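Each remark here refers to the structure printed beneath this line.
The values are calculated or read from the model by the stated rules, or taken from the named source; none is laboratory data. None of these values were measured; they are calculated from a predicted model.
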């Protein structure tokens, strides 16, 4: 890497803009830091996972995640890494779609065919795959933090470092909420209260409605626009999960270790005969009254670039950081936009 490519961007605020989607204009940033403020460093993680830094016009020099020692803008790069360090819980329910452009159309295969028992010497039929088209447009989540040098020096903790970590945490939380909001739009199946009952005897079995949703998705019934999905994840709020594992109809499976609660940040599992190899995701951002049966192939998460920009005004002794993340979670719908192909929301599972 040449010395020219390794220079940091010491340009004006105007150089740090992020196009028409910029959340903070140069004037707004100047108002926060003063007219003499400068952009000290820009680090961008592209949708394909490459790291670019310095002046955008010379940003063709890419860095992989294994090359941070080559960067002079260490703090700024660490912010981008920090944003990725803890994966938002609900990402596990999605298929990540890299979006080098903020507006894209993606296609999801819904069916394929094959010629069966082709006789000797005969040509097979022409087989066509069918696809559903999903239009996506990333939106911007952003976090803007700033602090005075004196605040950092007077405190017994590294104020700016903690502030930057909190900013990355807030973006992760926003991303998780965005996924939860999209899941709440899925086609519904009327459920039953898993916690209803008296004297240790539950009125309803969770398996009844989970199986109904599973059949809709797997069998390609009219309630799934004749598309056969393969749901592998059960996601719900922890309140609903407590009702699930305390349900008397499932006591024997829970005590036998066939129903496993997820560890923090991980996945649990259900290995009972009716739902073999079903993974479990718990998240408090999900509706407390609902559970979701998900085929991640049809729950998309458009992932655009992530960017961190450092600003400072040496005369005012203030520094700040802006974190940008472009994304869009999107359900795949049938052509009439009537049924969500890979997700069912089971309502009323917790009172």
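Taking residue 337 as the residue in question, decide whether it is at positive phi, over 14 Å from the mean Cα position of the chain (by Cα) and not in a strand (DSSP E or B).
yes
Among the residues of segment 127-147, how many are assigned to a strand (DSSP E or B) and at pLDDT 75 or above?
Residues that pass the stated criteria total 14.
So, restricting to strands (runs of 3 or more DSSP E) that lie completely within segment 276-323, which ones have at least 2 residues that are over 19 Å from the mean Cα position of the chain (by Cα)?
299-313
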